[in-house]
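Read-outs throughout are calculated quantities, based only on the coordinates presented, and are distinct from any laboratory measurement. All of these numbers come straight from a predicted model, not from anything done at the bench. Cβ coordinates were reconstructed from backbone atoms using ideal geometry, including for glycine residues, and neighbour counts include every protein chain displayed.
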Amino acid sequence: MESKAVHRYIGSSPRKMRLVIDMIKGMQVDKALDALHFSSKHASKDAEKVLRSAVANLMNKDEATKYEPSDLFIKEAFVNQGPTIKRISPAPMGRAYRIRKRSCHLTIIVASKA
C-alpha cells in the first residue's frame, strides 16, 4: 500500500530543496521525520510538512489497517522546478540586473513494508 503527497509552488529553489530530499530518500518515516525536524536547512520545514501529509494520506486511505511510522518508508521523493518570478534590481550606469526567484514542486511517496 502506498500514498503520495504533493506540495506545489514552494518558495525555495529546487537546488536547495534537493539537498534536503536526497538526505531522506529510502529512509524509514520515523527516522526521516527526526532528521527533518532537527535539520538546520530552511527547506526541511516544507519537506517535513509534506512527509506528514503523505503518512496521513496513507492512514486515511486504508482505515482498517493501523500503520506504525516504523513500518513505513519513503519509496520515492523528488523535486521539480516550478515557475520562476522575474524581478529587476537597479545596477550602475542606468542598467538593470535580473533577479530570478525560483520555486519548486515537491512530491513524496510513502509505502508500507508489508
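The figures follow:
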item	result
The one condition in (1) without any contact (Cβ under 8 Å) to a residue 60 or more places away in the chain; (2) farther than 17 Å from Glu2 by Cβ that Asn80 fails to fulfil	(1)
Residues of segment 77-87 classified as surrounded by fewer than 17 Cβ atoms within 10 Å (Cβ to Cβ) and either part of a helix (DSSP H, G or I) or within 11 Å of the chain's Cα centre (by Cα) (or both), total	2
Subset of segment 51-74 that is in a helix (DSSP H, G or I) and basic (Lys, Arg) - its residue that is nearest to the chain's Cα centre (by Cα)	Arg52
Hey, Glu48 among the acidic types (Asp, Glu), at negative phi, surrounded by 11 or more Cβ atoms within 10 Å (Cβ to Cβ) and in a strand (DSSP E or B) or not	no
Qualifying residue in segment 1-12 (condition: β-branched (Val, Ile, Thr) and over 25 Å from Ala64 (Cα atoms))	yes
Residue check, Ala54 closer than 17 Å to Val6 by Cα and either of a type outside the set (Phe, Trp, Tyr) or out of contact with any Asp or Glu (no Cβ under 9 Å at 6 or more places or on another chain) (or both)	yes
Of all residues in segment 88-112 being among the charged types (D, E, K, R) and surrounded by fewer than 10 Cβ atoms within 10 Å (Cβ to Cβ), the one that is nearest to Val20 (Cα to Cα)	Arg100
Restricting segment 1-45 to residues that are touching a Ser or Thr at 6+ places or on another chain (Cβ under 7 Å) and in contact (Cβ under 8 Å) with a residue 60 or more places away in the chain, the residue that is surrounded by the fewest Cβ atoms within 10 Å (Cβ to Cβ)	Tyr9
Every residue from segment 83-110 that is small (Gly, Ala, Ser) and under 17 Å from Ala47 (Cα atoms)	Ser103
